[in-house]
1. Given a cut-off of 23 Å, name the pairs among Lys84/Lys153; Lys68/Lys97; Lys5/Lys152; Lys17/Lys116 whose C-alpha atoms lie farther apart than that in the structure shown.
2. What does the charge count near Ser6 come to, summing +1 for each Lys or Arg and -1 for each Asp or Glu among other residues with Cβ under 14 Å from its Cβ?
3. Quick check on packing: order 64-73, 125-134 by the mean number of other C-beta atoms within 10 Å, highest mean leading.
4. Out of all Cα-Cα pairs in the range 6-183, roughly what percent, to the nearest whole number, are more than 30 Å apart?
5. For a test of the definition: using alpha carbon positions, the gyration tensor, and the 1.5 limit on a/c, classify the range 80-184 as rounded, prolate or oblate.
Amino acid sequence: MTDIKSSITETHDRWHKGHIEPFWSDISYKSLEYKYGNFNNPSDIIKWKKMGYNTTKKRFGGSLCDFKSTQPDWNQSIIDWFAKTFGMKDVGTGYYKMDTDMILPVHSDTYERYRKIFGVELKHCHRAIIYLEDWKSGHMSEIDGVGFTNWKKGDYIFWESDVPHMAANIGLQPRYTLQITGHR
């Protein structure tokens, strides 16, 4: 197991920012098998289309390499870090790739599949995203109305259950993150 050094850099009511010292290589996540799946909350898609988002496309979000596919050999170190640092159980990971011109408008996660598998209530679910590489022009994130750009490889955002957030890539290069889910 890799001993992960981390720190919290900014704290808010239901979320915070932090940083872990990067120890992964670009090839370890860029070579994964990413698959596009439909966004899992149809009511959000209907709402977004009524608001004028993405009306000519059928897709929102990005591509995922989740627990059903091969993940990097260092994945268990991330799971162990998340469980220990935040007191989480049943930790799962998904590597996320957003190609150019992909958006995921403001939404709150439902964790529907996760909650069904582990029998937990929404209020007990938590998530973090780790930025796997330095920010690139056109890459954006937002949580609870606060926008983020200029992140560094290893920066992360951790939030409780249904905190609203969004992601977008209007840049020219893919945007890679790791999403981690657990519950207390």
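Here, each number is a calculation from the coordinates, and none is a lab measurement. In this text the structure is predicted, and so the values were computed from the model without any measurement. All Cβ positions, even for glycine, are placed from backbone atoms using ideal geometry, and neighbour counts span all protein chains on display.
1. Working: Lys84/Lys153 21 Å; Lys68/Lys97 16 Å; Lys5/Lys152 15 Å; Lys17/Lys116 28 Å.
Pairs exceeding the cut-off: Lys17/Lys116.
2. Working: positive: Lys5, Lys17, Lys84, Lys152, Lys153; negative: Asp3, Glu10, Glu21, Asp80, Asp155.
That sum, taken over residues with Cβ under 14 Å, equals 0.
3. Numbers: 64-73: 14.9, 125-134: 21.8.
Packing proxy ranking, top to bottom: 125-134, 64-73.
4. Numbers: 1775 of 15753 pairs.
Summing the P(r) tail past 30 Å for the range 6-183 gives 11 percent.
5. Details: a/c = 2.07, a/b = 1.68, b/c = 1.23.
Taking the square roots of the gyration eigenvalues as a ≥ b ≥ c, the range 80-184 is prolate.
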